[in-house]
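Read the structure below first, then the notes.
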Amino acid sequence: MSEILLALFAGLLVGIIFSAIKLPLPAPPVISGIIGIVGIFLGSQLYQWIIKSFFT
C-alpha cells in the first residue's frame, strides 16, 4: 500500500511542477494511457503464468 501512496504522491508532484512551468504533462491521454498500463501489467502476468504452467 505504501508503494501506491508513494506513486500517487510522485505523480501529483510531477503534475504540479509541469503545470506550474507550463510544460505538457509527461503522460499519454488518460483512457488510452490507463489501458496501455493495464495491458503491460496483464502481459507480464500472462508471461509468468505461461512460464510456470508449461516450463516448470
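Give me the angle, in degrees from 0 to 90, between the Cα long axis of helix 2-20 and the longest principal axis of the Cα atoms of the chain, rounded to the nearest 10. The angle comes out near 40 degrees.
Under 1.5 on a/c is rounded, so check that first for the chain, then, if it is not, pick prolate when a/b is larger than b/c and oblate when it is not; a ≥ b ≥ c are the square roots of the alpha carbon gyration tensor eigenvalues. Here the chain falls in the prolate category. Just to confirm the number: angle between the C-alpha axis of helix 30-54 and the first principal axis of the chain, 0 to 90 degrees, nearest 10? Helix 30-54 sits at roughly 20 degrees to that axis.
Rule-based calculations on the coordinates, nothing more; no lab input. On a predicted model such as this, the values are computed, not experimentally measured, just so you know.
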